[in-house]
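The values are calculated or read from the model by the stated rules, or taken from the named source; none is laboratory data. Because the structure is a prediction, the values reported are computed rather than measured. Virtual Cβ from ideal backbone geometry, glycine too; neighbours counted across all protein chains shown.
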Amino acid sequence: MNESPTCDSATFTAEDRRFVYAVARRIVRDEDAAADVTQDALLLAFRYRDRFRGDARYRTWLYKIAASAAITHLRRRRRRRTDRMVSLGAVADACAPGQNPEEHLACAEVAARTAAELAALDERYGDVLRLRFVDGLSEAEVADVLGVSLPTVKIRTHRGRQALRAAVDA
């Protein structure tokens, strides 16, 4: 175990790499993403090795860097995921294909209005509704992606549905 009070070495041991990977894997819950986070964390540790003061154990310092890199990765992933907007075509596809043309047109109009109102919702509610009902994620998965608690997801889903219903009905 590398518990040296300084971080002078230019390379990391295999044990350091496994440790950082384990931390990243626990946080991001994806093997490929954990490998990317491990690389980022080790690069950061190397870049800022002169800032290691020795006040804490080396592993504690390395853990903090790995956890920060993993959280940054999740935030970036969340931003990319929530930047996608609901396309009119995707919402209109929800209309039943066996409808007559008038019913299909009415359904498409409702779908278009719903998509527009969903895009206009407060970001907190819109993100939850998009992840839950467009991407099909469970409440627990939405909580993981957004980095919030499960009760927060449930509350935002409820409030978002109310706001969306009021906006579409208006």
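A few remarks follow.
- Residues located in the stretch 21-58, provided they are under 17 Å from Val145 (Cβ atoms) and loosely packed, with under 14 Cβ neighbours inside 10 Å: Arg26, Arg29, Asp32
- Taking the criterion of being exposed (fewer than 15 other Cβ atoms within 10 Å of the Cβ), within 29 Å of Ala108 (Cα to Cα) and among the polar types (S, T, N, Q), the residues of the stretch 135-169 that qualify are Ser138, Gln162.
- Pairing residues of the stretch 35-62 that are in the same structural domain as Phe19 (by TED's automatic domain parsing) and farther than 12 Å from Ala24 by Cβ with residues that are modelled with pLDDT under 90 and of a type in the set (Val, Ile, Thr), at Cβ distances under 9 Å and at least 6 apart in sequence or on separate chains, gives Phe46/Thr11; Arg49/Thr6; Phe52/Thr6; Gly54/Thr6; Tyr58/Thr6.
- Filter result for Glu103 (among the charged types (D, E, K, R), surrounded by fewer than 17 Cβ atoms within 10 Å (Cβ to Cβ) and modelled with pLDDT under 85): yes
- Pick from the stretch 115-170, criterion of a type in the set (Asp, Glu), over 22 Å from Ile27 (Cβ atoms) and assigned to a helix (DSSP H, G or I), ranking: modelled with the highest pLDDT: Glu123
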